[in-house]
1. Run Met103 past the list (1) touching a residue at least 60 places away in the same chain (Cβ under 8 Å); (2) among the hydrophobic types (A, V, I, L, M, F, W, C); (3) under 24 Å from Glu26 (Cα atoms) and report the number of the one that doesn't hold.
2. Being modelled with pLDDT of 95 or more and of a type in the set (A, V, I, L, M) narrows it down to one residue among Leu88, Leu68, Leu99, Leu63; which is it?
3. Looking at the structure I just gave you, is Leu6 closer than 21 Å to Ala114 by Cβ and of a type in the set (A, V, I, L, M)?
4. Which ranges mark the helices (runs of 4 or more DSSP H) fully within region 5-104 that have 2 or more residues being within 16 Å of the chain's Cα centre (by Cα) and surrounded by fewer than 22 Cβ atoms within 10 Å (Cβ to Cβ)?
5. From the set of residues in region 126-144 that are among the aliphatic types (A, V, I, L, M) and in contact with a Lys or Arg (Cβ under 9 Å, 6 or more places away or on another chain), which is modelled with the highest pLDDT?
Amino acid sequence: MPRTVLCLRIVGALALFAVAADHLYEYYADHYSAIPTIGPLFLLNGIGATALGLILLAPVGRLLPGRLAGWVVALAGAAGAGLAASSLAGLFVSETEPLFGFMEIGYRPVVVVAIASEAIAVVALAFLVLLTWRGGRRPSRLRPAV
């Protein structure tokens with residue numbers, strides 16, 4: 001199981017980096033920075049996804065005691081899954097009706113990348129949380145993998 005946890009951490013982190021890159025690209029290159037409410041949300045999404053990806057890749061097992069390291073991994077995984085799921089939900093809402101006054105139109109390549117990266121992040125990080133969060137009581141044995 002430690003290798004599976006490590007693989008899920010890496011896949012989840014890489015997917016979060018793709019989510020961050022996609023949102024930051026749209027913020028800067030597609031000028032979403034000029035859109036009220038949506039612009040700052042895209043910037044915060046990019047910053048948050050980057051931070052969570054870095055936490056997932058960090059050698060927390062070497063930096064923190066075993067149980068605390070497990071909690072950090074589980075919580076970062078849950079936060080990353082939540083960030084990706086809410087981003088995906090927001091995208092789908094904005095495709096059908098205005099979200100904070102903004103509507104996304106069509107499935108440009110950047111939108112397809114967003115859907116794919118967010119879906120991968122949700123699945124990988126949900127499994128990570130399931131493997132590290134033992135019955136809601138405490139994270140499982142993570143010392144070798146964190």
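1. The failed condition is (1).
2. Leu88
3. No: the conditions fail for Leu6.
4. Where helices (runs of 4 or more DSSP H) fall fully within region 5-104 and carry at least 2 residues being within 16 Å of the chain's Cα centre (by Cα) and surrounded by fewer than 22 Cβ atoms within 10 Å (Cβ to Cβ), they are 38-57, 66-96.
5. Only one residue tops the list, namely Leu128.
The values are calculated or read from the model by the stated rules, or taken from the named source; none is laboratory data. All of these numbers come straight from a predicted model, not from anything done at the bench. Glycine gets a Cβ as well: all are built from the backbone with ideal geometry, and neighbour counts include every protein chain shown.
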